[in-house]
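K.L.:
Take a look at the following structure, please.
Just so you know, all these numbers are worked out from the coordinates, no wet-lab data involved. What you see is a predicted model; the values in this text were computed from it and never measured. Cβ: placed from backbone, ideal geometry, glycine included. Neighbour counts: every protein chain shown.
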Amino acid sequence: MTTKIDRPLGCLQPVSIEQVVEDPEEVRDNARKNGPYFMPARYLISGETAADAKNRTPRVVKDAPSYLIGPTWRGDWAFDGKDLVEDSASLLHHEGFIQAAKDLFHCDVVVPEQVYVNLSTPMNGHPFSHVDIPEFIGVNRRNAPGWFLQAMGSSRLFEDARISIATAVAWFHHGERGFFRYWPHGRGAESIRHEDMWNTAVVGDNDFMHHLVERVGPRDMGPPEGMSINTELSHDGDKWNIVEAGETLMSYSDEYVRLSVSWKAKVYADQRSFDDAQNELSAVSVSEALQRFNDELGESFVSLDDERLQAALTQRWSGYVA
Ligand SMILES: [Fe+2]
């Protein structure tokens with residue numbers, strides 16, 4: 001059995017961390033060294049699963065919808081519990097994150113899986129808050145696309161198979177703005193704006209807690225013209241460059257680039273529930289998941305490749321709120 005968790009306020013109450021690492025400049029240094037960075041949606045719409053993302057060179061994508069193109073780039077530093085870049089182990093096994101996850105979920109077993117960084121150049125705030133993409137026993141990042149998992153989470157039809165995931169987001173940003181807003185008492189209630197973006201973190205129930213990134217940089221600065229979903233961000237030892245097909249569209253000094261580090265761990269009440277999850281007790285299969293959706297929608301979809309399915313699920317159970 002998975003662990004049944006009550007969320008009377010819509011989500012568990014996040015835990016703040018005042019000091020994430022001893023040497024925050026080192027994290028920024030690692031970010032400068034480990035480019036280039038890719039737009040996150042490039043993995044999703046190229047048909048690659050999140051698991052494929054670990055090879056860190058996504059396919060070139062043609063004709064991406066424009067709403068997926070924005071000045072935020074991602075790099076995977078650890079995946080499936082394995083380090084992908086040097087010096088990421090201390091973040092993957094961060095004791096403060098692990099302890100906060102234990103406190104948040106009242107659980108004994110925390111299995112850190114992912115560390116990734118997001119880098120944003122000056123931009124407007126996100127118009128939507130979102131919850132993160134969840135995973136389920138039997139349906140996960142390996143066999144289902146993000147929009148399907150998102151709908152599974154938002155529908156609440158699969159709580160029997162849900163895997164609890166703790167997320168820490170840490171910031172290493174000295175520049176203007178780039179605040180983090182989150183709704184710890186439900187999306188309809190008051191939100192909190194986290195403003196200290198240097199070496200702090202919030203560990204939360206981000207598969208249930210809505211959150212968004214506010215404006216980054218000065219009000220009159222936006223991304224350059226001419227970006228596509230294949231536009232990359234990298235540092236040349238002197239400055240950050242936004243590069244499209246070999247051409248630099250814009251360069252920024254370090255203070256204009258907001259860096260966040262995300263950490264995700266699966267959490268289990270105890271060893272027994274961890275073992276049960278490994279043995280796929282209470283698993284749901286992709287076809288069972290499809291059947292549950294069909295029952296709820298009065299539809300008869302048979303394949304994840306049916307384009308109408310994505311539209312139907314996303315329309316009814318989006319993880320985004322304007
Ligand atoms: Fe998120």
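K.L.:
For a quick protection proxy, order the peptides 289-299, 129-139, 227-237 by their average other-Cβ count within 10 Å, most packed first.
P.N.:
Working: 289-299: 15.3, 129-139: 20.9, 227-237: 18.3.
Ranked by mean Cβ neighbours within 10 Å, highest first: 129-139, 227-237, 289-299.
K.L.:
Grab the eigenvalues of the alpha-carbon gyration tensor for region 127-216, scale each by 5, take roots, and send me the semi-axes largest first in whole angstrom. Walk me through the numbers before you get to the answer.
P.N.:
On the way: eigenvalues 147, 40, 26 Å².
Calculated on Cα positions only, the semi-axes equal 27, 14, 11 Å.
K.L.:
Residue separation times 0.36 nm, minus the C-alpha to C-alpha distance between Val286 and Glu95: what's the value? Present the calculation step by step, with values, prior to reporting the outcome.
P.N.:
Details: separation 191, 0.36 × 191 = 68.76 nm, distance 3.47 nm.
Fully extending the segment from Val286 to Glu95 adds 65.3 nm.
K.L.:
For every other residue with a beta carbon closer than 9 angstrom to the beta carbon of Gly226, add +1 if it is Lys or Arg and -1 if Asp or Glu, then tell me the sum.
P.N.:
Once all neighbours under 9 Å are counted, the net charge is -3.
K.L.:
Under a Cβ-only charge scheme (Lys and Arg +1, Asp and Glu -1), can you give me the dipole magnitude of the chain about the Cα centre, in debye to the nearest 20? Walk me through the numbers before you get to the answer.
P.N.:
On the way: 31 positive and 50 negative charges, 134 e Å.
That gives the chain a dipole magnitude of about 640 debye.
K.L.:
What is the distance, in nm, between label points placed 7 Å from the Cα along the Cα-to-Cβ direction at Phe128 and at Trp198?
P.N.:
That separation, rounded to one decimal, is 3.4 nm.
K.L.:
Still on this structure, please answer the following. Rounded to whole Å, give me the distance from the Cα center of region 256-322 to that of region 98-163.
P.N.:
9
K.L.:
Report the calculated FRET efficiency for Arg59 and Asp83 (r = Cβ-Cβ distance, R0 = 25 Å), to the nearest 0.05.
P.N.:
Details: r = 24 Å, r/R0 = 0.96.
After rounding, the FRET efficiency stands at 0.55.
K.L.:
Might you report the magnitude of the Cβ-based charge dipole of region 116-169 about its Cα centre, with Lys and Arg at +1 and Asp and Glu at -1, to the nearest 20 debye? Please list the in-between numbers first.
P.N.:
Working: 4 positive and 4 negative charges, 20 e Å.
So the magnitude is around 100 debye.
K.L.:
Measuring from label point to label point, each 7 Å out along Cα→Cβ, what is the Glu159 to Asn140 span in nm?
P.N.:
Between Glu159 and Asn140, the simple spin-label model gives 2.3 nm.
K.L.:
So how tilted is helix 24-33 from the main axis of the chain? Cα-based, degrees 0 to 90, rounded to 10.
P.N.:
Between helix and principal axis, roughly 80 degrees.
K.L.:
I'd like to compare 151-159, 302-310, 243-251: which one has the highest average count of other Cβ atoms within 10 Å, and what's the full order after that?
P.N.:
Details: 151-159: 19.0, 302-310: 12.6, 243-251: 14.3.
Packing proxy ranking, top to bottom: 151-159, 243-251, 302-310.
K.L.:
Let me ask something else about it. By how many nm would the segment from Tyr320 to Asn279 grow when fully extended, if each residue of separation counts as 0.36 nm and the alpha-carbon distance is taken off?
P.N.:
Working: separation 41, 0.36 × 41 = 14.76 nm, distance 3.26 nm.
Extra length from Tyr320 to Asn279 when fully extended: 11.5 nm.
K.L.:
Rounded to the nearest 0.05, what FRET efficiency is calculated for Ser228 and Glu190 with R0 set to 35 Å and r the Cβ-Cβ distance?
P.N.:
Numbers: r = 38 Å, r/R0 = 1.10.
Computed FRET efficiency for Ser228 and Glu190: 0.35.
K.L.:
Another question, if that's okay. Which value, in debye to the nearest 20, gives the size of the charge dipole of region 160-251 about its Cα centre, when Lys and Arg are +1 and Asp and Glu are -1 at the Cβ? All intermediate terms of the calculation are to be shown ahead of the outcome.
P.N.:
On the way: 8 positive and 15 negative charges, 74 e Å.
Dipole size: approximately 360 debye.
K.L.:
Just check region 230-322 against the gyration tensor rule for me: Cα atoms, a ≥ b ≥ c as the square roots of the eigenvalues, rounded for a/c under 1.5, and otherwise prolate or oblate depending on whether a/b exceeds b/c.
P.N.:
Oblate shape, in that a/c is at least 1.5 and b/c is the bigger or equal ratio.
K.L.:
Determine the calculated [θ] at 222 nm for the chain from helices alone, applying -39500 (n - 2.57) to every DSSP H run no shorter than 4 residues and normalising by the residue count; nearest 500 deg cm²/dmol.
P.N.:
Values: 8 runs with 71 residues, N = 322.
My calculation for the chain gives -6000 deg cm²/dmol from helical runs alone.
K.L.:
Compute the signed sum of charges (Lys and Arg +1, Asp and Glu -1) over the other residues within less than 15 Å, Cβ to Cβ, of Arg162.
P.N.:
On the way: positive: Lys4, Arg7, Arg141, Arg156, Lys264, Lys266, Arg292; negative: Asp6, Asp132, Glu135, Glu159, Asp160, Asp205, Asp207, Asp276, Glu280, Glu288.
Within the 15 Å Cβ shell, the charges total -3.
K.L.:
Output ³J(HN,Hα) for region 8-13: one whole-Hz value per residue in order, computed from phi by the Karplus curve 6.51 cos²θ - 1.76 cosθ + 1.60 with θ = phi - 60°, and x for Gly and Pro.
P.N.:
Each residue's phi maps through the Karplus curve to give x, 9, x, 7, 6, 7 Hz.
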